[in-house]
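Q: Before I ask anything, here is the structure I am working with.
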2 protein chains.
Amino acid sequence: MESAIDTHLKCPRTLSRRVADDYAPPFPMFVGRGPKDLQQVVMASFGVQYADEDRRPQALAALRHIVGTFELADGPAHHDLTHHVDNQGHHNLMVLAYWADPAAYCRWLRSDEVAGWWASDERLTEGLGYFREIVAPRVEQLETLYAFTEDFPGVGTLMPQASGEIEEHGYWGSARDRMPISQTDWMEASGELTVVEGDPAQGGRVVVRGHDNICLIRSGQDWRAAGPDERDLYVDEILPTLQDGMDFLRDNGQDHGCYSNRFVRSIDLDGNELDESYNLGHWRSLDLLERWAESHPTHLRIFVTFFRVVTGLEKLRLYHEVSVSDGRDQTFEYINCHPATGMLRDARVPVAG
Amino acid sequence: MESAIDTHLKCPRTLSRRVADDYAPPFPMFVGRGPKDLQQVVMASFGVQYADEDRRPQALAALRHIVGTFELADGPAHHDLTHHVDNQGHHNLMVLAYWADPAAYCRWLRSDEVAGWWASDERLTEGLGYFREIVAPRVEQLETLYAFTEDFPGVGTLMPQASGEIEEHGYWGSARDRMPISQTDWMEASGELTVVEGDPAQGGRVVVRGHDNICLIRSGQDWRAAGPDERDLYVDEILPTLQDGMDFLRDNGQDHGCYSNRFVRSIDLDGNELDESYNLGHWRSLDLLERWAESHPTHLRIFVTFFRVVTGLEKLRLYHEVSVSDGRDQTFEYINCHPATGMLRDARVPVAG
């Protein structure tokens, strides 16, 4: 048994763990270990939004264009593709990309091809919406949790080594306890989401400024390799409770501090669905995510189901990753997206001065 | 808003609260405030056990005898009476008594009338079982939580002043955070329950030695003053989930660190049922109680129901009190009780030497 906090990220505590040294978790779970020189990662969602089904080929072409730019110098180390329909009935194609080097990400983003494409006036007139939502947590600001030990998805591709069985799981607050920064920092939210360019109600280009400690959770399910029993388990027992909880957050998250919640289905470059899905949730703060997770009936049902099935899992892969980031390490930009997209719904529009 | 930890019980922390200073609970709750000179309380359960219904008059007479001894010098400040049928089908009458002064309790217990009655050989041949389970937590080692502000039951009779709205509730781990000792101490269990006199399998007199930080929870419901709507709420919505959870702990508690769990109905001196009940649970440690409470489906259902109804409560009174105690401040003694009574079930019988 070992701590989820890697040895080189341990520091003298000013804040204590929730559980004492004699705590023993009820079943084994694992975290991803990164190289010691990994300092900060970039998690970037690039989205293409369309209202009408007949825009799908065009939207897929746009998605493929974005993925094509990953082949440029300083492209991401890993990415995956998804589709979801939001509660405004709009389709959204997204690629979630991960960099292990924020400087490389910065060079990539500022390259003529990438910056020029985003800034081009053509983006405004294509009949598609675009967004990019990017956070760059330092390694102290993130945690992972896997019920398996190989081929980690998401940020785990940058932290690919499996830990041994870790101590900090199986209790509410354990995600916080797995984040190295929790040794000394409460990760409190500061400030509020603010529209700093454009007007969501008008469409066009909109930029939202974030704030310290916005929390991002990716919580995933991968049943590609599952046999018939585990597929039934996923489809009949896990998915219905999961869908309820994720729909609740999508539609009522604002009251709980959830800025945005997208339950997305993995796809290939042609838009074909894969047997993978994940939820991508942005929260005002980790503590508001904790409060919802540990008290809301829909999430408690998800949790109880997970506890019941986890020890029997073979090929069905369940995992999550949680991070917070500094306000200065966040980018939220939109082009012609509907005003309930991503951070737009909850961002304050300053009164014109 | 104020801390659940009274000002004179605050001390420099070596352990942090689970939540940051900006935490805001979702609804108001209150704790009992005792006088500043209250240092340690005594919570004593005196039980009368009988297998056959026709022993009831005799058992009630024994209960009345015990209650009669409370009129002696140094008797308890408060007591209440209960009945329950345990999972061996035995009836149990209990009186739970509270002292604000452990020295007074000690004088009472050692008085000729009380000590003589307990030690008398007559107790062995009356066809009744007897037990006394007594813990004496210091004020740093206990907490209360009330959804109301007047006429506190249980240990609240010794701490009768209502606080203002308190900060530490509405999240898992808040009971720990309400206990002053949590500022500096993990309250870890040490040692194990051990039979130090007699043999539970043989009946007769048995004494069990406890260990540091055995945790006692009293969790109560009082619908005496409730109108028809709140009675229906209690009977139709709260009680069924509560009964499930309490039955689970009674029958399966051993696997979770619950030494004993008694869901009892309040009665008067003649054995008539009152519209009050409470659960009395002994746990190996607070953290094992926390783990069960925050993860077991039966308790999560209780919790979700409570969250749903609490803000609408008028005359239905819900509360709990939780304490830990030092091993030296615990007494567990039995006379002719069945071997699954109280601490007997989980107490280790030393190999004869």
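Q: Binning every alpha carbon pair distance of segment A:166-271 at 10 Å from zero, what are the percents per bin?
A: 10, 26, 36, 21, 7, 0
Q: Residue by residue, what Karplus-based ³J(HN,Hα) values in Hz, rounded to whole numbers, does segment B:204-218 have, using 6.51, -1.76 and 1.60 with θ = phi - 60° and x for Gly and Pro?
A: x, 8, 10, 10, 10, 8, x, 7, 4, 6, 4, 10, 10, 10, 10
Q: Also, I was wondering about something else. Output the relative contact order of chain B, whole-number percent, from Cα pairs under 8 angstrom with separation of 6+ residues.
A: Result for chain B is 25 percent.
Q: Tell me which of B:TRP172, B:GLY220, B:ASN87 sits at the most positive position along the dipole axis of chain B, charges placed on C-beta atoms (Lys, Arg +1; Asp, Glu -1).
A: Result: B:TRP172, furthest along the dipole toward the positive end.
Q: Mind telling me which of B:HIS169, B:HIS84, B:HIS296 comes out most flexible in a GNM of chain B, alpha-carbon contacts under 10 Å?
A: Looking only at B:HIS169, B:HIS84, B:HIS296, the biggest GNM fluctuation is shown by B:HIS296.
Q: Output needed for chain A: three equivalent-ellipsoid semi-axes, defined as square roots of 5 times the C-alpha gyration tensor eigenvalues, in descending order, whole Å.
A: They are 31, 23, 20 Å, listed largest first.
Q: Could you give the length gained on full extension between A:THR311 and A:ASP255, defined as 0.36 nm per residue of separation minus the Cα-Cα distance, in nm?
A: Value of the extension gain: 16.7 nm.
Q: Connecting C-alpha atoms closer than 10 Å in a GNM of chain A, tell me which of A:PHE306, A:PHE46, A:PHE131 has the biggest fluctuation.
A: Of A:PHE306, A:PHE46, A:PHE131, the most mobile in the Gaussian network model is A:PHE306.
Q: Between beta-carbons, use under 9 Å as the cut-off and find the net charge around B:GLY220, counting Lys and Arg +1, Asp and Glu -1.
A: -1
Q: For segment A:126-212, report the % of Cα-Cα distances exceeding 15 Å.
A: In whole percent, the long-distance tail amounts to 72.
Q: Averaging the inverse of every distinct alpha carbon separation and then flipping it gives the Kirkwood radius. What is it for segment A:247-353, in angstrom units?
A: Kirkwood hydrodynamic radius for segment A:247-353: 16.4 Å.
Q: Please name whichever of A:HIS320, A:CYS258, A:SER285 sits farthest to the positive end of the charge dipole of segment A:220-323, dipole taken about the Cα centre and charges placed at Cβ: Lys and Arg +1, Asp and Glu -1.
A: A:SER285
Q: If I model a spin label as a point 7 Å beyond the Cα along the Cα-Cβ vector, how far apart are those points for A:VAL85 and A:HIS65 in nm?
A: 2.6
Q: Given label points at 7 Å from Cα along Cα→Cβ, what nm distances, shortest first, separate B:ALA115 from the same residue in every other copy?
A: Inter-copy label distances (nm, one decimal, shortest first): 9.0.
Q: Test of understanding: what is the full-extension gain from A:ALA119 to A:ARG265, defined as 0.36 nm times their sequence separation minus their Cα-Cα distance?
A: In short, 49.7 nm is gained.
Q: With chain B treated as a Gaussian network of Cα nodes joined by springs under 10 Å, which of B:TRP283, B:TRP118, B:TRP99 yields the largest mean-square fluctuation?
A: Comparing B:TRP283, B:TRP118, B:TRP99 in the GNM, the peak value goes to B:TRP118.
Q: Quote the FRET efficiency, to the nearest 0.05, computed for B:GLN58 versus B:ASP112 with a Förster distance R0 of 25 Å and r equal to the Cβ-Cβ distance.
A: Taking R0 as 25 Å, the efficiency between B:GLN58 and B:ASP112 is 0.60.
Q: So what is the 222 nm mean residue ellipticity for chain A from helices alone, if each DSSP H run of at least 4 adds -39500 (n - 2.57) and you divide by all residues, rounding to the nearest 500 deg cm²/dmol?
A: -6500 deg cm²/dmol
Q: Taking the Cα-to-Cβ direction at B:ASP22 and at B:ASP236 and moving 7 Å from each Cα, how far apart do the two end points lie in nm?
A: Each label point lies 7 Å from its Cα, and together they span 4.2 nm.
Q: If you don't mind, there's one more thing I want to ask. Starting from the Kirkwood Rh over alpha-carbon pairs, what translational D in µm² s⁻¹ does the protein assembly as shown have by Stokes-Einstein at 37 °C and 0.692 mPa s?
A: 116
Q: In nm to one decimal, list the spacings between the A:ALA104 label point and its equivalents in the other copies, with label points set 7 Å along Cα to Cβ, shortest first.
A: Values, ascending and in nm: 7.4.
Q: At 7 angstrom along the Cα-to-beta-carbon line, where would the label on A:LYS315 sit relative to the other copies? Give the distances in nm, shortest first.
A: 6.2
Q: Something else: Can you list the HN-Hα couplings for segment B:255-260, worked out from phi with the Karplus curve (6.51, -1.76, 1.60; θ = phi - 60°), rounded to whole Hz and with x for Gly and Pro?
A: Result, rounded to whole Hz: 5, 10, x, 9, 5, 7.
Q: In straight Cα distance, which lysines are under 16 Å from A:LYS36, not counting same-chain residues fewer than 8 positions off?
A: Those lysines meeting the cut-off are A:LYS10.
Q: For segment A:75-234, max minus min Cα coordinate along each principal axis, in Å, sorted largest first?
A: Largest to smallest, the principal-axis extents are 51, 45, 32 Å.
Bear in mind that the values in this text are calculations on the coordinates, not laboratory data. Please read all numbers here as calculations on a predicted model, not as lab measurements. Every residue, glycine among them, receives a Cβ derived from its backbone with ideal geometry; neighbour counts consider all protein chains shown.
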